[in-house]
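Novice: One structure follows; several queries about it will come next.
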């Protein structure tokens, strides 16, 4: 498809993820030797003026409000979907059918049905050499990649238990206003899909096991919140009306994993004081791994084969030349939130250039969606064990 | 009962807890001004020679192998039960009926039925001025007492979520031998009752809420272990035979609390690298509390009413004069595992002298037992929500 | 000078700092609304082929090996000096005299004499509206800026003691080869100027006090190291010859500060296990501040006016909207090593556009150089107290 | 001397150290199998009533106000000196001459002259089988003993740098009253002797190297403080008069060690927020050790021979059976401030019973005193390098 060595990109979405992905397109080629040169061709949004402003701010050559037209263009090789979850399926399937590689933000979709259709489309496209990847970017936090490497190399032995919690606190104030993220029609679910999805993917990625059964519970602590007033942009007055929160505020679930391990999960936006606390602990028969996204450059590793009396959790500062994605700065100079997006892009570009199936695939995204769906079904059925399917 | 100012004690049990409690009887009167002076009158065990040795080592005036005879003595005021859980009910009830005050180690009993009988006996005895307490000693770790004080004073607002995990790793080696603790007949349960009980009691103590419903899961990772060979004491040879582990190795459960909060619990002896990790996080509408028994002199407190931009978890080093039980050493000089037993004894002695009902009561111990029982029932019923009753 | 709204940049140097500064020019305009748009016009190096490759990799429009010719060009507004320290004075003075704004990496120069000439030139240029800044980028780590803000607002009261250590370990292996950084002629000094300079600047920046007298000690632990063999790039053989290390491996000094505080400093490349450990503690009459560059998104703040019994070091996760330079990502999403270079650039561009004197100035750079010089003189004089002048 | 298997003890002093040592006499025999049984025979103080109260509270059989008479008694085997430093020399020398073993709290004396006389007396007594030990109890914190063991076993290679700071904050309030500890006549020195002595001893103990030269600085931040009013015990009124602080508030010094290492030291009572922060870092050619007394059950160990990419500081929880003095409780159950006094007593009792020279000896105490003295002389001589002699 790319007769030259460029990879011409259309980005769908202009928000937080759009900015994060733009940074990757801008930066990754300056640090990695990529086999294809990404070109920031066009960015797509709903509002013409805002999208034009985003194009200028983020560095895209063109702006558009018509994603269908963009997908139809010959000069686009990769479609990067950063729009809200309810739009993923339609765009991704259309893009794949149009012969474009697709990078799609997580969660893959808002429902299993949509996700399944997307995975079907991705498999069909793959047969034609079209690549697709779902954006679980935390897999490419070097410390988390290193965790996977250590576990897969057997350094902690047989995995028995995993503990994963994603703790945030931005809903603690019960007078904070409604947003689309609290509306089930738009967001699909609340903490479960937004951050719980990361917890599930991370545990599965590190352990190499998949969640097969779940028992779960969902809770909405604050069921009504003030609506934003009409014309906020002008008058700034807040509405007296209140809206109904239709998603979960927090989710708890236990999972039985394919390799025999048990994992506990917790996702919440009410963990006062925790800002971005994706905390993962993996306990094996010979060692353990501990990770906290709030200290993303560190990995704790307990090696149970160290001499007796000398065992302890090692704080590995994951900035050494031996560590994954170590192209940035000398030892000891840490990375930030945004860098895993560059790592993700790097791997995707190589996969496209070399004709490999990217990971995580849409099938992987579907499987996570199925786990989330099983949690919702279990929660609705009195927490009973529910198979992931 | 105590015509003089002494409190004459009979201790039942000579093991780990016997040693810990002995240290409290020995030490507490040297640091606290107690209204009654404990006398270490007699220690009771099964084996005459071993019990005599324990008496000398631990500093008890007499040794006995007949707890019934000891309880019948006029010169005993307090019976301190440190024997295995399956013996608690019989001894405690007999002692209370004989008019002795009773301190009973946790868990109160191995079954709800036993615990209920004990609580009934304690209530009946209380009407006659006889006092009883169950030994959830961690309540008297100063940092944990401070956590309770802060939460009860409203410093974290309305409690919404609690996370409690008790992580140990002494069963990680699958070739480690069977012990009585892995035999359901003797131990009642595994991690659930042994350490999960502490997690439940701690969360209830700090929040002031009780667990009303649970959804739980139990797992035994290693189902067979080598038996200790015959005559190990002489030949040192290990047995080729293997025994069956009949208790849980790990337990996970979610609880709905009386005040509307949700708590997650996890107890395991397979958390490689965690030695005594009772980790508790309490999230409220205005703040949060974090505690880890491996750093028992510290409490983390997040005050959501601090100025914006200056909020953060404070590491309070709980050794100040303002802190609970601050009689030991100057500021900055930490306590160890054993000190909460002295705090517990101090409070019990004051309660006895001043005619107050000690806390935690046998009813509190029964309630914890009911929570554990509900977890077992839920786990047996496919994790379905199960009322605590 | 900039008749349009662009700021046309020439960068001198293609190494580590060249890459870091290039990232700032590339990224800062995408996150900050700058009054002038930087243009990456030309990069200057010694070797034509390497410089051309650097231009392509780092994104500069042109490459040159003639810095004098570049400085003479009309289409250059800002000269960014990232070359080794022994070249700073000549280039900076020439650029300022040519009417170019100058950003110069730290240390300002290798000697006080050079630094003084540069500061003189900067003052003279300032009278003509030409701006200059020395690149102590750590001042713009948000946590460190916040530390300064808190201290300057009086939140820790009167500063009494500062402790600053910059601990690295990349010279621990005594068979590691000689580099130009270990040659006094090229590098000026060793740990003292390379990383000790950051410690001095940080303490002065946060406290607002300057070091007035020092007592210091320097030590070279490994005095000979293997030279790199001839033709390493081809044959990979190492040389049997050894070179002499002529700079300090580590430096210790105590400083008396202008406001009455005392500061201790330590800089070393032999602190095994410490990768980039710039650790700063500031103790005042009402509070304290603790910072560690290895956890650059965190600041610890002890508020001595908190209620008795509730005092403790707060871990502030410096990613809130209230925090300095908070334009990047939502709360809880940390920054990396490179971001302070963007903050520095942002401030410089505003200073240029609005006609303000940038900070830190060349005078500030000179003053740090004088401190380092006084340390060397004290160390040569048996550690005697030596005035900074 | 002890014809029976008892060790009859006279304690001189009834304050903080008296209470700490009493706890050791009370507790150590219950956990260690000692070859001699300590008997708490008599406690000596200045005030008859207070000493009698202390005897009852702390558990001594008798009280006395005449230390000379006590030393003359035949039924005393060991004299434990816990009185202020200005009394150590006279008592210790008299006791040794009377044929009593002596345990003397640190610092050994207030002056080098006194310490030298004591060391001479100890050597003379040793020839007659009389044992003496100076109470640097922190050597027996298990984590610190383990640090010594690891370093002496070569696990961190050749020691190059040590960093030791003892940070407290109890003088931060400038309106806090005068105490005898701020009066040079009584206390000898301030932070230097009180806590700096621990830092010096700890570094020398762990590294096995002695400080040979020092360059130091002393500072008194608050030179006047309110005197306590007359009759405070009755009237509670505070005095309007102010007293002069004649000791150092803080001390900084650099030491050259006998094995070629360099150590930095800092001792202060003005480190706001630090309660008992004895922080020690030892960097060697193959690894490093980090210890903090505020987390006394932990030792951090960096093993530079771990595989590349897996290196990191290990947090060893020093409660394993393999660890020093591991008789107390099972793995994971931490010790407190007081336990090292029991360890010290245990070792002393074995030394007495088995005829070995205890460590640290009075010569060791003298050497520390000489280091402190050299710091004072260097500080008075403009920080010039000053030999320890």
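Novice: Who wins for biggest fluctuation among C:127, C:20, C:28 in a Gaussian network model of chain C, springs between alpha carbons below 10 Å?
Specialist: Among C:127, C:20, C:28, the largest mean-square fluctuation in the Gaussian network model of chain C belongs to C:127.
Novice: For region D:161-212 and region B:127-194, what is the centre-to-centre distance using only Cα atoms, to the nearest Å?
Specialist: The distance from the Cα centre of region D:161-212 to that of region B:127-194 comes to 40 Å.
Novice: Quick one: length gained pulling residue D:240 to residue D:174 fully straight, 0.36 nm per residue minus the C-alpha distance?
Specialist: So the extension gain works out to 22.3 nm.
Novice: For chain A, what relative contact order do you get, as a whole percent, if you take Cα pairs closer than 8 Å and at least 6 residues apart?
Specialist: Relative contact order for chain A comes out at 20 percent.
Novice: What share of the DSSP beta bridges in chain A is antiparallel, in percent to the nearest 5? Write down the numbers at each step before the final one.
Specialist: Numbers: 42 of 71 bridges.
Percent antiparallel among DSSP bridges in chain A is about 60.
Novice: Right, something else. Among C:18, C:243, C:135, whose mean-square fluctuation peaks in a Gaussian network model of chain C (Cα, cutoff 10 Å)?
Specialist: C:243
Novice: In addition: Defining the label point at 7 Å along Cα→Cβ, can you sort the distances from residue B:305 to the same site in each other copy, shortest first, in nm?
Specialist: Distances between equivalent label points, in nm: 1.6, 5.4, 5.6.
Novice: For a test of the definition: using alpha carbon positions, the gyration tensor, and the 1.5 limit on a/c, classify the protein assembly as shown as rounded, prolate or oblate.
Specialist: Working: a/c = 2.00, a/b = 1.23, b/c = 1.63.
Since a/c reaches 1.5 but b/c is at least a/b, the shape of the protein assembly as shown is classed as oblate.
Novice: In deg cm²/dmol, rounded to 500, what helix-only [θ] at 222 nm does chain B give when every DSSP H run of at least 4 residues adds -39500 (n - 2.57) and the total is split over its residues?
Specialist: One gets -9500 deg cm²/dmol as the mean residue ellipticity at 222 nm.
Novice: Sticking with this one: Shape verdict for region B:295-389, please, from the Cα gyration tensor: rounded (a/c under 1.5), prolate (a/b greater than b/c) or oblate. Don't jump to the answer; show the numbers that get you there.
Specialist: Values: a/c = 2.56, a/b = 1.27, b/c = 2.01.
Oblate, because a/c is 1.5 or more while a/b does not exceed b/c.
Novice: Sticking with this one: What is the P(r) of region A:128-258, as percent of Cα-Cα pairs per 10 Å bin from 0?
Specialist: Pairs per bin, as whole percents: 10, 31, 27, 19, 10, 3, 0.
Novice: Mind listing the label-point distances from residue C:286 to the same position on all other copies, shortest first, one decimal in nm, points 7 Å along Cα→Cβ?
Specialist: Listed shortest first, these distances are 2.4, 5.2, 5.7 nm.
Novice: Here's a follow-up. Tell me, in nm to one decimal, what length is gained between residue B:158 and residue B:286 on full extension, where the rule is 0.36 nm per residue of separation less the Cα-Cα distance?
Specialist: Once the chain is fully extended between residue B:158 and residue B:286, it gains 45.4 nm.
Novice: Under 10 Å, Cα contacts only: if you run a Gaussian network model on chain C, which one of C:165, C:53, C:24 comes out with the highest mean-square fluctuation?
Specialist: C:53
Novice: Something else now. For the rotation taking A to C, I'd like to know which residue in chain A has the C-beta closest to the axis, plus that distance in Å.
Specialist: A:336, 2
Novice: What FRET efficiency comes out for the pair residue A:46/residue C:16, r = Cβ-Cβ distance, R0 = 41 Å, nearest 0.05? Can you show the working numbers first?
Specialist: Numbers: r = 43 Å, r/R0 = 1.04.
Here the calculated transfer efficiency is 0.45.
Novice: For the pair residue C:322 and residue C:66, what calculated FRET efficiency results from E = 1/(1 + (r/R0)^6), where r is the Cβ-Cβ distance and R0 = 56 Å, to the nearest 0.05?
Specialist: So, using R0 = 56 Å, E works out to roughly 0.75.
Novice: Describe numerically, in nm with one decimal, the distance between label points set 7 Å from Cα along Cα→Cβ at residue C:74 and at residue D:380.
Specialist: According to this spin-label approximation, the distance is 7.3 nm.
Novice: Order by neighbour count: C:174, D:294, C:266, fewest other Cβ atoms within 10 Å first, most last. Don't skip to the answer; put the middle values down first.
Specialist: Numbers: C:174 15, D:294 21, C:266 26.
So the residues, fewest neighbours to most, are C:174, D:294, C:266.
Novice: To the nearest 0.05, what FRET efficiency results for residue D:357 and residue B:5 with a Förster distance of 45 Å applied to their C-beta separation?
Specialist: 0.45
Novice: At what distance in angstrom do the alpha carbon centres of region B:38-62 and region C:305-354 lie from each other?
Specialist: 62
Novice: Follow-up question, since we're still on this one. Among rounded, prolate and oblate, which fits region A:252-333 when a ≥ b ≥ c are the square roots of the eigenvalues of its C-alpha gyration tensor, a/c under 1.5 means rounded, and a/b larger than b/c means prolate?
Specialist: It comes out oblate by the Cα gyration axes.
Novice: Give the nm distances, rounded to one decimal, from residue A:350 to the matching residue in every other copy, measuring between label points 7 Å along Cα toward the beta carbon; shortest first.
Specialist: Taking the point 7 Å beyond Cα along Cα→Cβ, the inter-copy spacings are 4.0, 5.6, 6.5 nm.
Novice: If neighbour count is taken as other Cβ atoms inside 10 Å, put C:371, B:200 in order from fewest to most. Intermediate results must be reported in sequence, preceding the final value.
Specialist: Working: C:371 27, B:200 31.
Ordered from fewest to most neighbouring Cβ atoms within 10 Å, C:371, B:200 come out as C:371, B:200.
Novice: Please sort D:192-199, A:209-216, C:309-316 by packing, taking for each peptide the average over its residues of neighbouring beta carbons within 10 angstrom, highest first.
Specialist: Order by mean packing, descending: D:192-199, A:209-216, C:309-316.
No lab work stands behind these numbers, since they all come straight from the coordinates. The structure presented is a predicted model; accordingly, all values stated were derived computationally and were not measured. Glycine also receives a Cβ, built like all others from the backbone with ideal geometry; neighbour counts cover every protein chain displayed.
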